[in-house]
1. Take Ser108 and Ile144, extend 7 Å from each Cα along the Cα→Cβ direction, and tell me the distance between the two endpoints in nm.
2. Using a simple spin-label model with points 7 Å from Cα along the Cα→Cβ vector, what separation in nm is obtained for Trp34 and Ala70?
3. For the chain, find the longest principal axis of its Cα atoms and tell me its angle to the long axis of helix 3-27, 0 to 90°, nearest 10.
4. Angle check, please: helix 114-128 long axis (alpha carbons) against the longest principal axis of the chain (alpha carbons), in degrees 0 to 90, nearest 10.
5. Please pull out the direction-averaged projected area of the stretch 1-104, using the convex hull of its alpha-carbon atoms, in nm² to one decimal place.
6. In the chain, which longest range has no trypsin sites (Lys or Arg not before Pro) that are both DSSP loop (not H, G, I, E or B) and surrounded by at most 16 other Cβ atoms within 10 Å?
7. Using a cut-off of 11 Å between beta-carbons, work out the net charge of the residues near Gly83 (Lys and Arg +1, Asp and Glu -1, Gly83 not included).
8. Hand me the chymotrypsin sites (Phe, Trp or Tyr not before Pro) from the stretch 1-98 located in a DSSP loop with no more than 15 other Cβ atoms within 10 Å, in residue order please.
Amino acid sequence: MSWLADLLALVFLLVTANGSPVLARNLTPTGWNWPLDGGRVARDGYPLLGRSKTWRGLVVSVLVTGAAAALLGLGFGFGMIFGFMAMFGDLISSYLKRRRALEPSARSTGLDQFPEALLPMLLSHWWMGVGWLTVIVACLLFFIVVTGISPLLYRLGIRQRPH
C-alpha cells in the first residue's frame, strides 16, 4: 500500500474502533451493557471508569475493527488488537477523567481523542512498520474527524452529546 492508502485505512480503523460502540449502544440499548469496572468506585469516591464503558462496547469494537481490517487486507488479528488498543486508550481517558471529577461522557478535548488514537497507531508502527509521520498525521486526522463529525451525529440522534 502507498503512504496515503495506509494513512486512510488506519484512520478508517480508528473511526471504526471508536464509533462501533456508539452504534452498538443505539442498536442494542440493553444488551451486554454491563460496566467494565463492575460499578466499582475508587478511593476518591468516583467510579473507576463510569457506566458508559461496557462489555458490549469493548467486544463490538474488537470484533468490528477486526472485520474492517480483514476487509482492508490488514488481517482480522491485527484489527482485533487495533480495536482493543483503541478501547484501552479510551479506558485510560475515562479513568483520568474520573480522577478529574468529570462526569461520564463529559468533554475533555484532547484527552478524549489522543489516547484512543495513539495506542493503536503505536501498534501499527510496530506491526506494519508505518513511520512516525503516519502515526502523528493519523492521530491528528482522527482528532479532526471526530471533533468535526460529533455535532452532526448528535443532531442525527446517534450520539448522546454534541462532542
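1. Output for this residue pair reads 2.6 nm.
2. 2.6 nm
3. Here the helix axis deviates by roughly 30 degrees.
4. That helix lies at roughly 30 degrees to the long axis.
5. Taking the Cα atoms of the stretch 1-104, their convex hull projects to 7.1 nm² on average.
6. Longest gap between qualifying sites, sites excluded: 108-163.
7. Values: positive: none; negative: Asp90, Glu116.
Result for the neighbourhood of Gly83: -2.
8. Passing both the DSSP loop test and the Cβ count: Trp32.
No value in this document is a laboratory result; all are computed from the given coordinates. Keep in mind that what you see is a predicted model, and the values were worked out from it rather than measured. Positions of Cβ are generated from backbone atoms using ideal geometry, with glycine treated the same way; all protein chains shown enter the neighbour counts.
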